[in-house]
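K.L.:
Dropping the structure in here first, questions after.
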Amino acid sequence: MEVVLEQPERMNLLGLFMKAALESRAERIEQVRPSGDFALTAGPMTVTLSFEPERVTIRKGANGKTRAHLKGSLAALIQVARGRPLRQLLTRRARVSGNPLALIPLSRVFRKES
């Protein structure tokens, strides 16, 4: 699974963090197979993750129509990436707009291994 930054010289910190997190979970992405576009916002930083069969593209900003949008502080989104999405959502440190069910495959990518 290839993880690519679109315009890496202009990418924000959130996009760089997501690239590292997704590269370390490339095998999980191939198993779970999320698809479509998802937006993530941490403070003033927004990125769009576009999942295709062989590639994940990370774009700066909310590009086009996304299936779901996850918003929270950078600390909350780091906890989501560490495998604790439910806690962040239940405590309202992170919020979802759009279709929350669309985030299920993405949450499985970041779920902690038992």
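The values are calculated or read from the model by the stated rules, or taken from the named source; none is laboratory data. Remember, predicted model here, so these are calculated numbers, not experimental data. Cβ sites come from the backbone with ideal geometry, for glycine too, and all protein chains shown count toward neighbours. Surface accessibility is based on the protein's heavy atoms, side chains included, excluding ligands, DNA and RNA. Shrake-Rupley method; radii C 1.70, N 1.55, O 1.52, S 1.80 Å.
K.L.:
Could you check residue 29 against (1) β-branched (Val, Ile, Thr); (2) assigned to a helix (DSSP H, G or I); (3) farther than 18 Å from residue 105 by Cβ and say which number it fails?
P.N.:
All conditions are met except number (3).
K.L.:
Any idea how many residues of the range 1-12 are part of a helix (DSSP H, G or I) and open to solvent by 80 Å² or more (accessible area, probe 1.4 Å)?
P.N.:
Of the residues in that region, 2 qualify.
K.L.:
Limited to the range 15-32, what total is found for residues that are of a type in the set (Val, Ile, Thr) and either at pLDDT 95 or above or under 11 Å from the mean Cα position of the chain (by Cα) (or both)?
P.N.:
0
K.L.:
In the range 33-65, how many are over 11 Å from the mean Cα position of the chain (by Cα), of a type outside the set (D, E, K, R) and within 18 Å of residue 99 (Cα to Cα)?
P.N.:
Total meeting the criteria: 5.
K.L.:
Looking only at the range 1-50, count how many residues are aromatic (Phe, Trp, Tyr) and without any contact (Cβ under 8 Å) to a residue 40 or more places away in the chain.
P.N.:
The number of residues fulfilling the criteria is 0.
K.L.:
Counting only residues that are buried (at least 20 other Cβ atoms within 10 Å of the Cβ), give me the strands (runs of 3 or more DSSP E) lying completely in the range 35-114 with at least 2 of them.
P.N.:
Hits in the range 35-114: 36-42, 45-51, 55-60, 68-72.
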